[in-house]
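Here's the structure, in structure tokens; my notes come after.
Nothing in this text is a laboratory measurement; each read-out follows from the coordinates by a stated rule. Since the model is a prediction, treat every value here as computed from it, not as a measurement. Because the Cβ atoms are built from the backbone with ideal geometry, glycine has one as well, and the counts that use them run over all protein chains shown.
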Amino acid sequence: MRVVIQRVSEASVTIDQKIKSSIGTGLLILLGVEPDDREEDILWLVKKIANLRIFPDENEVMNKSIVDKALEMLVISQFTLFASTKKGNRPSYIRAARPEIAIPLYESFVKELQRASQLTVKTGTFGADMKVALINDGPVTICMDSKNKE
């Protein structure tokens, strides 16, 4: 399981020219799922995300987590995080999980993130053509992969 986490001052996802979800200050999380991902991948990522100290404290030092600040999160499914560009110029997405595997893991990730953080977690729609807008704050962008824990 792979995530790209962006600290944002605002973010939204639009589907069919209608805003599906929007947040103010918080985290935009792009989530990619592989066929061999399991619940332990979700639990590891959720714990890291909830405790990641990337928000400023009273001295403007990145020392506070999303939970400390009680902010919002927006999770967007993104199979292209597993794009392979080794051969040719057209990316291959063979490493991305098929919907029958990815959807339950995506939904579980969202539920576990909300449970663990006790914060609002909004979403896009899995498989939809989404337009994601954001203002990256910092900029702060962090990539994590549950297969690279060390």
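Scan the stretch 13-46 for residues that are more than 13 Å from the chain's Cα centre (by Cα) and part of a helix (DSSP H, G or I) and jot them down.
E39, E40, D41, L43, W44 - these are the residues of the stretch 13-46 that are more than 13 Å from the chain's Cα centre (by Cα) and part of a helix (DSSP H, G or I).
To keep it simple, each residue is scored yes or no on (1) buried (at least 18 other Cβ atoms within 10 Å of the Cβ); (2) closer than 20 Å to E39 by Cα; (3) among the polar types (S, T, N, Q).
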{"position": "S84", "(1), (2), (3)": "no, no, yes"}
{"position": "Y106", "(1), (2), (3)": "yes, yes, no"}
{"position": "T141", "(1), (2), (3)": "no, no, yes"}
{"position": "K149", "(1), (2), (3)": "no, yes, no"}
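Counting only residues that are under 26 Å from K18 (Cβ atoms) and touching a residue at least 60 places away in the same chain (Cβ under 8 Å), how many does the stretch 120-144 have?
Residues in the stretch 120-144 being under 26 Å from K18 (Cβ atoms) and touching a residue at least 60 places away in the same chain (Cβ under 8 Å): 15 in total.
Write out, first by first residue and then by second, each pair whose Cβ atoms fall under 8 Å of each other, whose residues are 6+ apart or on separate chains, and whose first residue, in the stretch 63-74, is closer than 16 Å to S21 by Cβ while the second is of a type in the set (F, W, Y) and buried (at least 16 other Cβ atoms within 10 Å of the Cβ).
Final answer for the pair search is L71/F55.
So, A96, is that one among the aliphatic types (A, V, I, L, M), outside any helix (DSSP H, G or I), in contact with a strand residue (DSSP E or B) (Cβ under 9 Å, 6 or more places away or on another chain) and under 16 Å from K147 (Cβ atoms) or not?
yes
Scan the stretch 84-102 for residues that are closer than 18 Å to I29 by Cβ and without any contact (Cβ under 8 Å) to a residue 12 or more places away in the chain and jot them down.
Hits for the stretch 84-102: nothing passes.
Do we have any residue at all in the stretch 55-62 that's in contact with a Leu (Cβ under 9 Å, 6 or more places away or on another chain) and within 18 Å of T141 (Cα to Cα)?
The answer is yes, given that some residue of the stretch 55-62 is in contact with a Leu (Cβ under 9 Å, 6 or more places away or on another chain) and within 18 Å of T141 (Cα to Cα).
Mind listing just one residue for me: the one in the stretch 1-21 that is under 13 Å from T125 (Cα atoms) and among the hydroxyl-bearing types (S, T, Y) and, of those, surrounded by the fewest Cβ atoms within 10 Å (Cβ to Cβ)?
T14
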